[in-house]
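Below is one structure, written out as structure tokens; comments come after it.
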Amino acid sequence: MNHDDWLVLEKQVTGWIKEAGVRLKKSLSAPLNIRTKSAHNDLVTNMDKAIEKYLVEKIKEFYPDHKIISEEGFGDKIDSTAGVLWLVDPIDGTLNFVMQKRFFAISIGVYENGQGKAAFIYDVMGDEFFHCIAGSGAYRNEEKLAPLKDVRLEDALIDLSMTWVKPNKRVDQDVLTDIVRRCSGTRAYGAASLELAYVASGLVDAYFTMRLSPWDYGAGLILIREVGGIATRADGSPIDILRRTSIVAGGEALHHEIVAHIQDQMAHGKFLREPL
Ligand code: 2AM
Ligand code: CA
């Protein structure tokens, strides 16, 4: 697709996402139909499904030859990044949607032959729309985001869930202890797409997680790279956008410091298990 095609797509997706946002907001005043998926805290609601169906139908209507990976099953079975690929999460942060009625987002990332091209993350209740067409700058609503600055670990806010510093099956619980002790503070918002958007906006300086799916991080990675940030797997290796993965994201120097620390811990026998 050429640049003008991407601009048309941006207009369309912005319209769909804002419309979906209105529906999500309205739905909070009616009873939700909630079910659990892989665990008691892994939830899906009637709204996850309804919004995904709406978005997938729109994409298929206007871009019938594009492929879609999405969370709730309306997308395609994909094993290649060839062509245009959409990574769609109708509600990122479903637990927040259900329990807090805030801090959830609609996230859409669009890739062409594996290259990030367009990103859209909409914080419905905060009415903050993070978006970018790769190469044309990243935005929070109409405000252009600045390139990420170098931040020392001692001055950094690090976004990570407590999950990763208590016993868990993916990473030794003490791998990050030094990072947590030395940094300026930690935060956790419970919606990965927003947490990646906050890194891109400089609201937090780095984000660490051991387990995300393509629809959770697809858009966020594009935003972070657009502002000069780095995102890799926890051991520093590249992210494969077709797979579940760990992620360390941040400005270049801080990303390097965190990954070097993790690699050093691994060299001392600490485990790090990527999701299958
Ligand atoms: P979700 O709400 O779309 O499932 C919560 O810390 C963040 O991690 C959310 O962005 C959530 O996305 C994501 N996540 C990925 N895998 C998860 C899982 N198995 N259970 C809960 N949250 C998960
Ligand atoms: Ca979701």
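Computed from the coordinates by the stated procedures, all read-outs in this text should not be read as laboratory data. Just so it is clear, the structure is predicted and the values come from calculations on it, not from any experiment. All Cβ positions, even for glycine, are placed from backbone atoms using ideal geometry, and neighbour counts span all protein chains on display.
Here region 3-144 is treated as an ellipsoid with the same Cα gyration tensor; its semi-axes, largest first and in whole Å, are 25, 18, 13. One way to sum up the overall shape of region 118-276 is the equivalent ellipsoid from its Cα gyration tensor, whose semi-axes run 25, 16, 14 Å, largest first.
Listed by chain and number, the aspartates and glutamates placed with their C-alpha closer than 16 angstrom to that of residue 166 are 174, 178; residues fewer than eight positions away on the same chain are left out.
Among the GluC sites (Glu not before Pro) within region 130-220, those in coil by DSSP and having at most 15 neighbouring Cβ atoms inside 10 Å are 142.
For the chain, the longest principal axis of the Cα atoms and the long axis of helix 46-62 meet at an angle of about 70 degrees. Spacing of the modelled spin labels on residue 79 and residue 100, each 7 Å from Cα toward Cβ, amounts to 3.9 nm.
Per-residue 3J(HN,Hα) values for region 183-190, derived from phi via the Karplus relation 6.51 cos²θ - 1.76 cosθ + 1.60 with θ = phi - 60°, read 6, 6, x, 10, 9, 8, 9, x Hz in sequence order (x marks Gly and Pro).
In region 89-117, which residues have a backbone nitrogen under 11 Å from the label point lying 7 Å from residue 188's Cα in the Cα-to-Cβ direction? Label zone hits: none.
Sequentially through region 94-109, phi angles give Karplus couplings (6.51, -1.76, 1.60; θ = phi - 60°) of 4, 4, 5, 3, 6, 8, 10, 6, 6, 6, 10, 9, 9, 10, 9, x Hz, Gly and Pro residues having no value and appearing as x. With each label modelled as a point 7 angstrom along the Cα→C-beta vector, the residue 2-residue 30 pair spans 4.4 nm.
Take the Cα of residue 18, go 7 Å toward its beta carbon, and the backbone nitrogen atoms of region 60-90 under 20 Å from that spot belong to 62, 90.
When the trypsin sites (Lys or Arg not before Pro) in region 182-249 are filtered for DSSP coil states and for at most 14 other beta-carbon atoms within 10 Å of their beta-carbon, the remaining sites are 243. When only Cα pairs below 8 angstrom with a gap of at least 6 residues are kept, region 153-267 shows a relative contact order of 25 percent.
Taking R0 as 25 Å, what FRET efficiency do you get between residue 244 and residue 53 from their Cβ-Cβ distance, rounded to the nearest 0.05? The computed FRET efficiency comes out at 0.60.
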